[in-house]
1. How would you classify segment 10-58 from its alpha-carbon gyration tensor, with a ≥ b ≥ c the square roots of the eigenvalues: rounded for a/c under 1.5, else prolate if a/b is greater than b/c, otherwise oblate?
2. Please give the length that would be gained between residue 20 and residue 32 if that part of the chain were fully extended, namely 0.36 nm times their separation in residues minus their C-alpha to C-alpha distance (nm, one decimal).
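What follows draws every value from the coordinates through simple rules; no lab data is involved. Here the structure is a predicted model, which is why all the values come from computation and not from measurement.
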Amino acid sequence: MSRLYVGRLPRDVRERDLERLFKGYGQIRDICLRPGFGFIEFREKRDAEDVMHDFNNREFMGERLLIEPARMDRRRERDGRDGRDGRRDDRDGRRDDRDG
C-alpha cells in the first residue's frame, strides 16, 4: 500500500500544493488529481503509512482531509475499467457479463 486516496480536497488544489504538504515524507512517485479528491503514490509503503497517520482528518486549505489506502490500481482509475475485459456495468462499477 504505497498509493493513497486523498478525499475532501479543495477544488482549486494543485499538485505542487500536495508536494509541499507532504514534503519530508519520502519520494512521491505520482499524483493524480480530480475535482475534490485525488490519489498520491509514494515510493515506499512506510512513507504512505506515515502520511495516512499524520494527515488523515487534518485541515488543509479550509477542508478536513480524508486519507486512506487506495482501493484501485492506476489503470482502473484512469480509464474506469475493471482490468479484465475492459467493460463494466456503469450502475455499480462491476463487470457486465451479460453481453458475452
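1. Note, shape of segment 10-58 comes out prolate.
2. That pair, residue 20 and residue 32, stretches by 2.8 nm at full extension.
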